[in-house]
There are 2 protein chains.
Amino acid sequence: MSINRLTQQIQFIIEIDRLKLILRQTLLTDGSRRENSAEHSWHLAIMAMSLAEYAPLGVDISQAMKMLLIHDLVEIDAGDTFCYDVQGNENKAHREAQAALRLFGLLPADQGQEFHQLWHEFEAGKTPTAKFAAALDRIQPLLHNQQTQGGTWRIHGIRRDQVMKRVAPVETGAPELWPFVLQLIDDSVAAGYLHEAPDINTQD
Amino acid sequence: MSINRLTQQIQFIIEIDRLKLILRQTLLTDGSRRENSAEHSWHLAIMAMSLAEYAPLGVDISQAMKMLLIHDLVEIDAGDTFCYDVQGNENKAHREAQAALRLFGLLPADQGQEFHQLWHEFEAGKTPTAKFAAALDRIQPLLHNQQTQGGTWRIHGIRRDQVMKRVAPVETGAPELWPFVLQLIDDSVAAGYLHEAPDINTQD
């Protein structure tokens, strides 16, 4: 064991504690406060364990869990960008790439590269594992918004068409869960938790 | 896919959101607030990833991560019991066993049994994987207490002998990390973050 190597790993472990201070828009299911990105990542990793049987061929569940645990670390430097914030999302990729360099750079080089690669695989969203992980990341806020009678959707006046665009990756990343997602959205519109998309015919 | 099966899994996923409301005694490393058990579990799972190379022979890191993700779920019903609370720890095992039955019982039977078994393996602390997971669970609060100039130790007047007893499982669960733990404790005493054990010779 190299003391220096362990020192770097401990520094990384201490540094990532700051993810617990990054607040997302999503509310906890009891509506009492906003969720932070660390507990969100925990929730997603357990979702991967619990919903593993719906993962398409080629998904490595252990890798998906690791990916989900670290996927939001870059927010420590870059902050959480609300998914419906068009302007904030314009330079998001650049800010997050810089954050990844710094944070994974705290680790010993070989390990930092491995973590960085895993994060990059998630961001690129091309492999079955990354697609499945992304699908879970889209499903979790739906559950929270439904449990809080619309939660973030109501606060920000989000419409069905915006949510449909946001959750689209579920259809390919976790096709077995897609009917559940469509039903949840239908139910949310019916319950008044989510606005129907504007009818184009009434716009003129 | 059975709709009923998925419904049970989603109910479990929604229910465990409550772990985010369970506060531990430990402070975040910036000292701003107490840590909750969900974000604590996230931190431990990443520690398992980051410190995997120090795991003794026979440790399954993926299993250790899963174990750490679910190990505190029982606190949703049983609450978090402070490790130095003698009275609270007397009936802890019974309260947590009841909680495990209810929570893992929300899942489809086969899956609930699998999660329950994993939790039980952690609690029993007999396998190399459970011992390694327990070691990480003991190391993480040390880091937080050191980062917060004594944190919980100072608040509750905890002494070195109490901490030594608490961290003892690291010596067998993660022997390669034991020198680091001893050094951290020595440093904490030297810095005044942790009281030295009372000298028996001065007691009479």
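The values are calculated or read from the model by the stated rules, or taken from the named source; none is laboratory data. Values in this document were obtained by computation on a predicted structure and should not be read as measured data. Virtual Cβ from ideal backbone geometry, glycine too; neighbours counted across all protein chains shown. Each accessible area value is taken on the protein alone, full model and side chains, heavy atoms only, with ligands, DNA and RNA left out. Shrake-Rupley method; radii C 1.70, N 1.55, O 1.52, S 1.80 Å.
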### Query
What is the sum of charges around B:H94, taking Lys and Arg as +1, Asp and Glu as -1, for the other residues whose C-beta is under 13 Å from the C-beta of B:H94?
-2
### Message
For chain A, set up a GNM with springs between Cα atoms under 10 Å and report which of A:Q149, A:Q183, A:Q117 has the largest fluctuation.
### Response
A:Q183
### Query
Efficiency by 1/(1 + (r/R0)^6): what FRET value for B:R166 and B:I14, r their Cβ-Cβ distance, R0 = 35 Å, to the nearest 0.05?
0.55
### Query
Got a sec? Which residues in segment B:102-116 would a label at B:A124 touch, if it sits 7 Å along Cα→Cβ and we count backbone N under 16 Å?
B:113-116
### Message
Which residue fluctuates most in the GNM of chain A (Cα springs below 10 Å): A:N36, A:N145, A:N91?
### Response
A:N91
#### Entry: Listed residues B:S62, B:S32, B:S188, most fluctuating in chain B (Gaussian network, C-alpha, under 10 Å)
B:S32
### Query
In percent, what relative contact order does segment A:68-186 have, based on Cα pairs under 8 Å that are 6 or more apart in sequence?
21 percent
## Note on the structure
Expressed in angstrom and ordered largest first, the alpha-carbon extents of segment A:123-165 along the principal axes are 34, 19, 13
### Task
Count charges around B:M67 for me, please; just the other residues with Cβ under 14 Å from its Cβ, Lys/Arg as +1, Asp/Glu as -1.
-3
### Query
Can you pick out the pairs among B:K66/B:K165; A:K66/B:K131; A:K92/B:K66 whose Cα atoms lie more than 28 Å from each other?
A:K92/B:K66
### Task
Send over the per residue convex hull volume for segment B:3-70, Cα only, as a whole number of Å³.
108 Å³
### Message
Once you order the gyration tensor axes a ≥ b ≥ c over the Cα atoms, which shape class does segment B:1-134 get: rounded for a/c under 1.5, otherwise prolate or oblate by comparing a/b with b/c?
### Response
rounded
### Task
Would you please classify the overall shape of segment A:109-197 from the alpha carbon gyration tensor, given that a ≥ b ≥ c denote the square roots of the eigenvalues, rounded means a/c under 1.5, and beyond that prolate means a/b larger than b/c while oblate covers the rest?
prolate
### Query
How high is the relative contact order of segment A:1-125, in percent, counting Cα pairs under 8 Å that sit 6 or more residues apart?
26 percent
### Message
At 1.4 Å probe radius, can you tell me the per residue accessible area of the protein assembly as shown in Å²?
### Response
44 Å²
## Note on the structure
Nearest-0.05 FRET efficiency for B:N89 and A:A52 at R0 = 51 Å, using Cβ-Cβ distance, is 0.90
### Under-5 Å amide H pairs with B:N36, H placed in peptide plane, nonlocal only
B:R24
### Summary
Ranking A:A97, A:H40, A:Q11 by how far each Cα lies towards the positive end of the charge dipole of segment A:1-108 (+1 on Lys and Arg Cβ, -1 on Asp and Glu Cβ), the top one is A:Q11
### Summary
Nearest 10, in degrees from 0 to 90: the angle of helix B:3-15 to the longest Cα principal axis of chain B is 20 degrees
### Query
Of B:Y84, B:Y54, which has the most accessible area and how do the rest follow, probe 1.4 Å?
B:Y84, B:Y54
### Task
Would you mind giving the mean number of other chain beta-carbons within 10 Å of the Cβ of each residue in B:43-55, as a whole number?
6
### Ranked order, B:V86, A:V189 - accessible area, probe 1.4 Å, largest first
B:V86, A:V189
### Shortest-first nm distances, B:D85 label point to equivalent points in other copies (7 Å, Cα→Cβ)
3.7
#### Entry: Per-residue HN-Hα couplings for segment B:143-150 [Karplus 6.51, -1.76, 1.60; θ = phi - 60°; Hz; x = Gly/Pro]
4, 5, 5, 5, 5, 9, 6, x
### Message
Solvent-accessible area of B:R160, probe 1.4 Å, all protein chains present, reported in Å² to the nearest ten, please.
### Response
50 Å²
#### Entry: Inter-part distance where segment B:141-164 and segment A:53-130 are each reduced to a Cα centre, Å
33 Å
